[in-house]
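One structure below.
The values are calculated or read from the model by the stated rules, or taken from the named source; none is laboratory data. As the structure is a prediction and not an experimental result, all values here were calculated from the model. Cβ placement follows ideal geometry from the backbone for every residue including glycine, while neighbour counts extend to all protein chains displayed. Keep in mind that these areas ignore ligands, DNA and RNA; they rest on the heavy atoms of the full protein, side chains included. Shrake-Rupley method; radii C 1.70, N 1.55, O 1.52, S 1.80 Å.
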Amino acid sequence: MVVQGMMESIRNTAAVAAVWVLSTMMTVVLGDMQIRTENLLLIYLLGVIVCSMETRSMAWSIGSSILFLFTFNFLFTVPKFTFRMNDPNDVIALAIFVIVAFIAASLTLKLRRQTDIANVRADITAKLNEIGIGFLNVSGIPALETFAREQLEELTGKQVQVCIRGKKDQEFADSIAEWCYANSMECGYGKPQFSEASKLYLPIRNSRKTYGVVIFSCESGTLEREERTYVDMVITQITIVLQREQLGEAQDRAKIQIEKERLKSTLLRSISHDLRTPLTGIAGNADFLSTNFDTVEDDTAREMLHDICKDAEWLNSMVENLLNMTRIQEGRLDIHRSMEVVDDLITEAASLVEKRLGNHQLETRMPKDIVLVPVDGRLFIQVLVNLIDNAIHHSGDGTKITVSAKNEEESVSFLVEDDGVGIPEEKQEQIFDSFFTTAYEDGDKKRGVGLGLAICKAIVEAHGGQIRVYNRKRGGAAFRIDMPKHIE
């Protein structure tokens, strides 16, 4: 501060000296040209105004006017080169000069200060506009706290903490901040409550709710009046952002609820349609066998029992898929990984679908060596069963289905292929969506609620793997699963 004051004094002295020299040189030159003395006095008046603008100090303005007064007296009043004045008109002129110089200096300083204040306010307004635009791009409480703190520190030059209450049962570590939040009142430095504190606590609030607290370190003094105005504007911006966040969350919850209701209605429609056919078949065949048990031929009875078993297996598979989809949507799909032998996974899946093959041929190809993969065996077998079932129902009559596995460097690749009709390219992006169904032939094989492939994708991705579909060059569809060898 001392060094800064000395530098300011030196600068002001140099400025006054420069203006004095220039003004004196001009008056001497104009005096030699026989310009009247009252006009020369105006040059010194102009010099006082210039000094006032450069020094921005009333003391320096008064000092410069006195300097110019004695200089004019010494050089231009009779007798010259003395500080005496014989002409009363000169005394009156110099007295008026001093009065006008004081008034002009005072007005000049006020104008300069008002200009400086206007410039500062313009800068602050521009900064507040910039802050407002910045708040539009802020999302989330941590990012909002960081952004608001940085902007308030830049505006006030003080250390700032911004604390926003995230959860209802959360409490602030600072007990005074907790009191400020609970009572929605200003407290701390310079306030009736907790006046001994070295920090100022301001609530972040609107007319309906308190969201948090802004804490200012007041070691160098409290907030100035204008600073407080700007701080209140920033706090208002914070509340607007928080209201926007809450509104966005409410809209998201509403969208999720609407989506849940849509899924429920879709599921009910699908189930009511797809359960009717197998249940009708089971009930009809069972009733016929019960009524005609003594007269029905063995081959006919065996065929009807086979149909009952087939429909029952389909219903069991659909119920298993529905249960898994419910767990997935509710976030309750628990993955219990263990090191499973790839051969065992494929063999178990093949045995489960053996009775459903009909006129299809199923071929399995195992890796040459024993390969282990970390998966939930029950869930992953369900994935393979769903993919094989999909091929049985949609590849066409009498197709060959191949299930194979390949040991890669970082993963194990499973492939379920068929040599059927393939999948239209425009449907390949939708095929893993819930309730999306497609078929390649008419008849009963079309039935399905469209959950099998969606469940496959959810289970594979829950394991950290990837699943994709494509058409083979030699005909038919292929589903490839890449499962990581290592658990991250």
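Is it true that Gly221 is open to solvent by 30 Å² or more (accessible area, probe 1.4 Å) and in a loop (DSSP other than H, G, I, E, B)?
Taking the combined requirement at face value, the residue does not satisfy it.
Using the structure shown, decide if Ser207 is open to solvent by 20 Å² or more (accessible area, probe 1.4 Å), under 23 Å from Thr156 (Cα atoms) and part of a loop (DSSP other than H, G, I, E, B).
Numbers: open to solvent by 20 Å² or more (accessible area, probe 1.4 Å): yes; under 23 Å from Thr156 (Cα atoms): no; part of a loop (DSSP other than H, G, I, E, B): yes.
Considered against the rule, which asks whether it is open to solvent by 20 Å² or more (accessible area, probe 1.4 Å), under 23 Å from Thr156 (Cα atoms) and part of a loop (DSSP other than H, G, I, E, B), Ser207 comes out as no.
Among the residues of the range 62-71 satisfying the criterion of being within 14 Å of Leu41 (Cβ to Cβ) and open to solvent by less than 10 Å² (accessible area, probe 1.4 Å), which is nearest to the chain's Cα centre (by Cα)?
The residue in question is Ser65.
Can you tell me which residue in the range 390-406 is nearest to Gly452 (Cα to Cα), limited to those that are assigned to a helix (DSSP H, G or I) and touching a helix residue (DSSP H, G or I) at 6+ places or on another chain (Cβ under 9 Å)?
Within the range 390-406, the match that is nearest to Gly452 (Cα to Cα) is Asn390.
Taking only pairs six or more apart or across chains, which ones have beta-carbon atoms under 9 Å, a first residue in the range 219-235 that is modelled with pLDDT of 85 or more, and a second residue that is open to solvent by 40 Å² or more (accessible area, probe 1.4 Å) and of a type in the set (Val, Ile, Thr)?
What qualifies is Arg228/Thr222.
Residues checked against (1) aliphatic (A, V, I, L, M); (2) within 16 Å of Asn12 (Cβ to Cβ); (3) not in a loop (DSSP other than H, G, I, E, B):
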{"site": "Thr24", "(1), (2), (3)": "no, no, yes"}
{"site": "Val28", "(1), (2), (3)": "yes, no, yes"}
{"site": "Gly31", "(1), (2), (3)": "no, no, yes"}
{"site": "Arg84", "(1), (2), (3)": "no, no, no"}
{"site": "Ile92", "(1), (2), (3)": "yes, no, yes"}
{"site": "Ile96", "(1), (2), (3)": "yes, no, yes"}
{"site": "Arg112", "(1), (2), (3)": "no, yes, yes"}
{"site": "Ile117", "(1), (2), (3)": "yes, no, yes"}
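If we keep just the residues of the range 78-125 that are under 20 Å from Ile43 (Cβ atoms) and of a type in the set (D, E, K, R), which is least open to solvent (accessible area, probe 1.4 Å)?
It comes out as Asp90.
Applying the selection to the range 26-63, what residues are in contact (Cβ under 8 Å) with a residue 40 or more places away in the chain, among the aliphatic types (A, V, I, L, M) and closer than 24 Å to Val91 by Cβ?
Listed by number, the residues that qualify are Val28, Leu41, Leu45, Val48, Ile49, Ile62.
Restricting the search to the range 381-407, which residues are β-branched (Val, Ile, Thr) and open to solvent by 20 Å² or more (accessible area, probe 1.4 Å)?
Listed by number, the list holds a single entry, Ile381.
Looking at the structure I just gave you, is Tyr201 surrounded by 17 or more Cβ atoms within 10 Å (Cβ to Cβ), part of a helix (DSSP H, G or I), of a type in the set (Ser, Thr, Tyr) and modelled with pLDDT of 85 or more?
It is false that Tyr201 is surrounded by 17 or more Cβ atoms within 10 Å (Cβ to Cβ), part of a helix (DSSP H, G or I), of a type in the set (Ser, Thr, Tyr) and modelled with pLDDT of 85 or more.
Just to be sure before I move on: is Gly475 modelled with pLDDT of 85 or more and assigned to a loop (DSSP other than H, G, I, E, B) in the structure I sent?
The answer is yes for Gly475.
What number goes with the only condition from (1) part of a helix (DSSP H, G or I); (2) surrounded by 13 or more Cβ atoms within 10 Å (Cβ to Cβ); (3) not β-branched (Val, Ile, Thr) that Ala59 does not pass?
Unmet condition: (2).
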